[in-house]
Structure formats: structure tokens, C-alpha cells
Amino acid sequence: MYQSILVPIDGSKLAEAILPEVEELAALLEARLHLIMVSRVNVLPGLDPTNAQVRVIHLAQNYLEKLQKQLIVKNIDVELHTPYGDPAEKILEVCQRDDIDLIAMSTHGRGGIGRWLLGSIADKVMRHSEKPVLLLRASNTNIDPSEK
């Protein structure tokens, strides 16, 4: 059924809240997990953004490698992705490029003005994905949505 599951991670405890669920699913289905952490950085006009971009991608790679080690110990096959750019766009690109079967992600559960002001990566992914999207809302976990 699901042989590959893409899990967007942003470095927060909230984003990691989906991991126990997908670990269990991956083990049950013998599926490969694809962890993705999309990086972006704002640089002052006139400054070269290259160093900042390289730095945030390197930090993302190190972060995901730590998670990968924890999952490998549990006999879960893991592939890492650290693209740079718009998070929703990059999640969807990796999904299509790597023929992902399922996207599983946590959502902050923002509504109303919060979603309008900040946007919702989960909402954008859900609306534009050709593959199923499994969302875990923060209120369904023991993690405070305001906690990062």
C-alpha cells in the first residue's frame, strides 16, 4: 500500500509529534520514511545570501541526521531531503520526484487570523498534493501548539 512516506520536519517538537505515528506505520508496512526539512533565510538587501543559505541547509542536514539515527535503530529505512526554498513547494516537488505514496505531517492547528497572517504549509500541501496527506493536529498530542 504505502511504500514511501514523506514527513516534513521544521525543527519543532510539534513537527516531530507525527514521528511515533509514522514510525509505527512504516514498521508495519515496511515503508521507507523520507524526512524533509526545507530551509529558508532572509538576508538584508545588498548582502550575499550564499553563506546564510549554505549554513541553514547544513544545520537542517545535521538535525535530520540525528533523527535518522534514532529511526535506523528501530530498523526503519530513512532517506533525508534538505531543499532550499518555499516549504510547501519543495515538499510537493520531493513528493512528485521521489514518487512518495503518503505525506504525513503535524499541523499547528491555527485557524482564522493566524492562518491568514502566517499561512499554513499543511493547508497548501493538502490542497495541492496528488497523494494522500495524513495530518496530525497539535491538539491530538501532548505538545502545546505554541511550543517550538
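The values are calculated or read from the model by the stated rules, or taken from the named source; none is laboratory data. If you're wondering where the values come from, they're calculated on a predicted model, not measured in any experiment. Ideal geometry is used to build each Cβ from the backbone, glycine not excepted, and the neighbour counts take in all protein chains shown. Each accessible area value is taken on the protein alone, full model and side chains, heavy atoms only, with ligands, DNA and RNA left out. Shrake-Rupley method; radii C 1.70, N 1.55, O 1.52, S 1.80 Å.
Does G11 fit the bill of being over 17 Å from K131 (Cβ atoms), open to solvent by 10 Å² or more (accessible area, probe 1.4 Å), small (G, A, S) and free of Cβ contacts under 8 Å to residues at least 24 places away in the same chain?
So G11 does not fit the description; no.
Only one of E21, E30 is in contact with a Leu (Cβ under 7 Å, 6 or more places away or on another chain) and open to solvent by 50 Å² or more (accessible area, probe 1.4 Å). Can you tell me which?
E21
State all residues of the stretch 1-59 that are among the polar types (S, T, N, Q) and at positive phi; if no residue qualifies, say none.
none
Among the residues of the stretch 33-50, count how many are at pLDDT below 90 and open to solvent by less than 60 Å² (accessible area, probe 1.4 Å).
Selection size over the stretch 33-50: 3.
Name the pairs whose Cβ atoms lie under 7 Å apart, with the first residue in the stretch 75-93 and under 14 Å from A122 (Cα atoms) and free of Cβ contacts under 8 Å to residues at least 60 places away in the same chain, the second outside any loop (DSSP other than H, G, I, E, B) and among the hydrophobic types (A, V, I, L, M, F, W, C), and 6 or more positions between them or separate chains?
Note: pairs meeting the criteria are A88/I121; A88/V125; L92/V125.
Any residue at all in the stretch 97-118 that is outside any helix (DSSP H, G or I), within 17 Å of I18 (Cβ to Cβ), in contact with a Gly (Cβ under 7 Å, 6 or more places away or on another chain) and at pLDDT below 85?
Scanning the stretch 97-118 turns up no residue that is outside any helix (DSSP H, G or I), within 17 Å of I18 (Cβ to Cβ), in contact with a Gly (Cβ under 7 Å, 6 or more places away or on another chain) and at pLDDT below 85.
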